[in-house]
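The values are calculated or read from the model by the stated rules, or taken from the named source; none is laboratory data. Not measured: the values here are computed from a predicted model. Every residue, glycine among them, receives a Cβ derived from its backbone with ideal geometry; neighbour counts consider all protein chains shown. The protein model used for the area step is the full one, side chains on, heavy atoms only, and it has no ligands, DNA or RNA in it. Shrake-Rupley method; radii C 1.70, N 1.55, O 1.52, S 1.80 Å.
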Amino acid sequence: MITCSAPGKIYLFGEHAVVYGENAICCAVDLRTRVQVELDESVSISIESVLGKTGIDLDIHPYVSAVIKRMREFASIEGVSIKIDSDIPVGSGVGSSAAVTVATIAALNRMFDCNLTLEEIAKLGHEVEIQVQGAASPTDTYVSTMGGVVMIPQRKKLKNIDCGIVIGNTNVFSSTKELVANVAKLRESYPQIIGPVLSAIGSMSEIGEELVNNSDYAAVGNLMNINHGLLDSIGVGSIELSSLVYAARNSGAFGAKITGAGGGGCMVALMDKAKTEAVAGAIDAAGGSSIITNATEHGIIMESNS
Ligand code: PMV
């Protein structure tokens, strides 16, 4: 039996702008998806999660099913029982699909001796996400595979973040595909306005790189606040997101912003570690669901191999 896990992620800066080649900074967080793989001759393929128990099923378990189909290029994958459990909120911009995808690839890679490197796992994970979703940036699968704080598109590792991190889930569904399309339309309508906004967002990562490496979280928070305002200006904010962002700031966070595509989904706040409970409480009181977490240097982990 083999168990591999992989983390979710937050964006400190740069979502949406990264689609247009601007820089972004992402950070793996210690919310993990665990995938347990066991040889089981009584089944062909069995996939079990909170969504149910299925065989290969592209509707209920699209990512795991697509991974198995792709991995059959490297090995004959049959007679396997796969169990998934996850701390990452599903479909809300914290990277749940990337984590389950790369953790499944890593577990099957070990079980069937496919000899894929971490770079190859991240690349295959990105291809699976494109296949399932139609479009995906390589950010989520790369950060989930490698862990740490990463500057995109250079894939440069920055110093790990050592302060409190609280994620606030609005519990409002949002479609990344739709939001990316809306930003594209706005950019076409007002190129002279939206172009500079996107490049200003990109500049935050350039300035943010040094701030992160100096552990200057108060300054990182200031830039996150500006980034939130710019994301609002390109139409990916919502009243629910801003309520949680303001609740976090008013309870002592260094800064708070949307993380991921926006429209709903999650926001993230950084704060002094002593203030995590206060910020989490304020997010809950404002109608969100808070998750207290930490940055993690660990991407894919082999949890057990017996
Ligand atoms: O909501 P998420 O985690 O899928 O992030 C979307 C980030 C975008 O920049 C909006 C799109 C992308 O593919 O980079």
(request) Would you be able to tell me the number of residues in segment 248-275 that are small (Gly, Ala, Ser), open to solvent by 10 Å² or more (accessible area, probe 1.4 Å) and assigned to a loop (DSSP other than H, G, I, E, B)? (result) 5
(message) Where the second residue is surrounded by fewer than 23 Cβ atoms within 10 Å (Cβ to Cβ) and assigned to a helix (DSSP H, G or I) and the first is assigned by TED's automatic domain parsing to the domain that holds Leu241 and lies in segment 274-285, which pairs have Cβ atoms under 7 Å and are six or more apart or on separate chains?
(response) Ala282/Asn250
(request) Kindly indicate whether Asn171 is in a helix (DSSP H, G or I), under 22 Å from the mean Cα position of the chain (by Cα) and closer than 28 Å to Val90 by Cα. (result) no
(message) Need pairs with beta-carbon distance below 6 Å; first residue closer than 20 Å to Gly229 by Cβ and within segment 181-196, second open to solvent by 80 Å² or more (accessible area, probe 1.4 Å) and not β-branched (Val, Ile, Thr); sequence gap 6+ or separate chains.
(response) Ile194/Arg187
(request) Check Gly237, Gly164 and return the single one that is within 16 Å of the ligand (Cβ to nearest atom) and either open to solvent by less than 50 Å² (accessible area, probe 1.4 Å) or of a type in the set (Val, Ile, Thr) (or both). (result) Gly237
(message) Taking the condition of being buried (at least 17 other Cβ atoms within 10 Å of the Cβ) and either over 23 Å from the mean Cα position of the chain (by Cα) or aliphatic (A, V, I, L, M) (or both), how many residues in segment 27-48 meet it?
(response) 9
(request) Sort out which residues of segment 276-306 are over 24 Å from Thr3 (Cα atoms), in contact with a strand residue (DSSP E or B) (Cβ under 8 Å, 6 or more places away or on another chain) and either open to solvent by 70 Å² or more (accessible area, probe 1.4 Å) or of a type in the set (Ser, Thr, Tyr) (or both), and write them in order of number. (result) Thr276, Glu277, Asp284, Ser289, Ser290, Ile292
(message) I need the full set of residues from segment 246-279 which are more than 16 Å from the ligand (Cβ to nearest atom) and of a type in the set (Val, Ile, Thr), in order please.
(response) Thr276, Val279
(request) Select from segment 128-157 the residues that are out of contact with any His (no Cβ under 8 Å at 6 or more places or on another chain), part of a helix (DSSP H, G or I), at pLDDT 95 or above and open to solvent by 20 Å² or more (accessible area, probe 1.4 Å) and list them in ascending order. (result) Met146
(request) Any residue in segment 93-107 that's near the ligand (Cβ under 9 Å from one of its atoms): show its pairings with residues that are of a type in the set (Asp, Glu) and open to solvent by 10 Å² or more (accessible area, probe 1.4 Å) at Cβ separation under 8 Å, as long as the two are six or more apart or on different chains. (result) Gly95/Asp140; Ser97/Asp140; Ala98/Asp140
(message) Looking at the structure I just gave you, is Lys177 open to solvent by 50 Å² or more (accessible area, probe 1.4 Å), away from the ligand (no atom under 15 Å from the Cβ) and out of contact with any Asp or Glu (no Cβ under 6 Å at 6 or more places or on another chain)?
(response) no
